[in-house]
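Written below as structure tokens is the structure these notes are about.
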Amino acid sequence: MRIEGAAFYSWLDDAIVAFPFIFNNTMVSQSRNVGRGEYYGAEVAVNARVHETLEFGGNYTWIERTFTDPSIPVFEPVGVPDHKAFLWAQWTPLAGLAVVPSLEITSDRWTVTPTGTLYYRTGAYTRADLRVDYEVADGLVLGAGLRNAFDDNYALTDGFPEPGRSLFLSARARF
């Protein structure tokens, strides 16, 4: 078993943020150095082989962000959840075959409307994925997978929903 951890702290002064304003009767935004704040948190990761054919792992991140922008009194730091976890397992029932289910779990995050006037939380989500890889020859791996298995409807930013359920095929070659 392997356990890793980290803690972090960032103090920001004159941070670059998107500043909304009206130009030629159209709402636009411009990057400006206007805000200050603090980002801090911790991360932990665990990886364990419980059998010669079964391995588990995961990580968790906690992030706190305080940020003030004097030009926008209602400003919230957008795009990053307060809590995020990723869990996975790898089962290798046969030589060269790997089955990898995973879960991505996040709390809600702040986003802002295109006009820059309304900040709101996007909502938490859990996304389940599955990948199957098979090494058909030395260095050649073919794979197939499923993303967002339960076809959850979620968005990370205003107006841009994430893709629904999708299938993929892959090929990797090592020389």
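The values are calculated or read from the model by the stated rules, or taken from the named source; none is laboratory data. Bear in mind the structure is a predicted one, so any value in this text is a computation, not a measurement. Here Cβ is always computed from backbone atoms with ideal geometry, including for glycine, and neighbour counts include all displayed protein chains. For the accessible areas, the whole protein counts, side chains as well, though only heavy atoms, and no ligand, DNA or RNA atoms are used. Shrake-Rupley method; radii C 1.70, N 1.55, O 1.52, S 1.80 Å.
Tabulated results
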read-out	value
Debye log10 I(q)/I(0) for the chain, one point scatterer per Cα, at q = 0.13, 0.19, 0.20 Å⁻¹	-0.86, -1.23, -1.29
For residue 97, distant residues with modelled amide H under 5 Å away	135
Descending Cα extents along the principal axes, the stretch 1-45, whole Å	60, 22, 9
Probe 1.4 Å - accessible area at residue 32, Å² to nearest ten	80 Å²
From phi via Karplus (6.51, -1.76, 1.60), per-residue ³J(HN,Hα) for the stretch 131-138 in Hz, x at Gly/Pro	9, 10, 10, 9, 7, 7, 8, 4
Amide H contacts under 5 Å for residue 124, placed H, 5+ residues apart	108
D (Stokes-Einstein, µm²/s), Kirkwood Cα radius, the stretch 115-175, 1.306 mPa s at 10 °C	112 µm²/s
Computed magnitude of the charge dipole of the stretch 29-114 (debye, nearest 20; Cβ of K, R +1, Cβ of D, E -1)	180 debye
Distant-in-sequence amide H partners of residue 12 (H built 1.01 Å from N, under 5 Å)	37, 38, 39
For the stretch 48-126, alpha-carbon Rg over 2.2 N^0.38 Å	1.65
Length added when fully stretched, residue 171-residue 126, from 0.36 nm per residue minus Cα-Cα	13.5 nm
Largest to smallest accessible area among 72, 3 [probe 1.4 Å]	3, 72
